[in-house]
Amino acid sequence: MSFEALIISVLSLIIEMKFFAYQEDLDRQQKKILSRIRQLMNGETSHQLHMSGMNYEKAFGVSLVHLRQLAKDFEPNNDLAERLWFRNIRETMILATMLAQPDVLTDDQILGWAGQINNIELAEQVAFNMVGRKKNIVSVIEDWIFHPVIYVRYTALMSIGWHFRFIGKDLSKVVADNLATFDALASDKTMIRSVTHCLKMAGRFNPDLAIPISQLAKGWGESEDVLLQTAGLDILEEIKLDKPNTFQGGNQKS
């Protein structure tokens, strides 16, 4: 077992010890959600998730489209979101990110979710639906950039990108101070997508970062590593210095 796999295993065991006080309304909503999930179960998709290496304790194979539709039937509620997250079921965990109220969750609560992020699908859902939409998230991001679990680092980088897209420039200093770190992280093929997304959004929405990010991307574009070369060219295309900012705003969760 690798060191990272060992960390994930230990964290999972710790998290299984988390208990919640009984609350009739929240328990009723959980039961309704689980019933709907079972109705939407797709065995073929569940098998594909397993074969692709997604590390879930249980998965029903419900599509993200159906989960988004299901989430609309419930009011955002952090107490419900936390209970769903710690059930260790793929669908309840993804729904938790959709039902969470990011700006009401404390940093400690968000940091407590990290131990469950054990694959890219969860990392992207946490980043897009939750962390990337939370204001005053600097301390969480700084912690997660250097987290021992790669999928948590992946979440941090994706969250930075979405934060520039949805919130603003609050994380500009984090990006400026960590360009060398992002450069190193990009050498890992698992991380390259998240690093690329982070730098594209940062360079696009903060002109002050466009030049140093472009310089980094040009170096990647000359790399012999095909993935790194593609990422560099992708970033340069996104943040052309003469390209107008076409962002229209919006905060719709996907």
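The values are calculated or read from the model by the stated rules, or taken from the named source; none is laboratory data. All of these numbers come straight from a predicted model, not from anything done at the bench. Note that we place each Cβ from the backbone using ideal geometry, even for glycine, and neighbour counts take in every protein chain shown.
The residues on offer are LEU13, LEU6, LEU64, and the sole one that is at pLDDT 70 or above and not polar (S, T, N, Q) is LEU64.
Restricting attention to segment 75-125, the residues that are part of a loop (DSSP other than H, G, I, E, B) and either crowded, with 18+ Cβ neighbours inside 10 Å or not acidic (Asp, Glu) (or both) add up to 14.
Matching residues to (1) in contact with a strand residue (DSSP E or B) (Cβ under 9 Å, 6 or more places away or on another chain); (2) farther than 23 Å from PHE166 by Cβ; (3) among the charged types (D, E, K, R):
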position: LYS72; (1), (2), (3): no, no, yes
position: ASP79; (1), (2), (3): no, yes, yes
position: MET93; (1), (2), (3): no, no, no
position: ASP107; (1), (2), (3): no, no, yes
position: ILE117; (1), (2), (3): no, no, no
position: LEU122; (1), (2), (3): no, no, no
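Restricting the first member to segment 155-172 and to residues that are of a type in the set (Asp, Glu), and the second to residues that are crowded, with 24+ Cβ neighbours inside 10 Å and assigned to a helix (DSSP H, G or I), the beta-carbon pairs closer than 7 Å and six or more apart or on different chains are ASP170/HIS163.
Looking only at segment 92-139, residues that are under 13 Å from the mean Cα position of the chain (by Cα) and without any contact (Cβ under 8 Å) to a residue 24 or more places away in the chain come to 1 in all. Being of a type in the set (A, V, I, L, M) and within 25 Å of GLY115 (Cβ to Cβ) is a property that LEU209 lacks.
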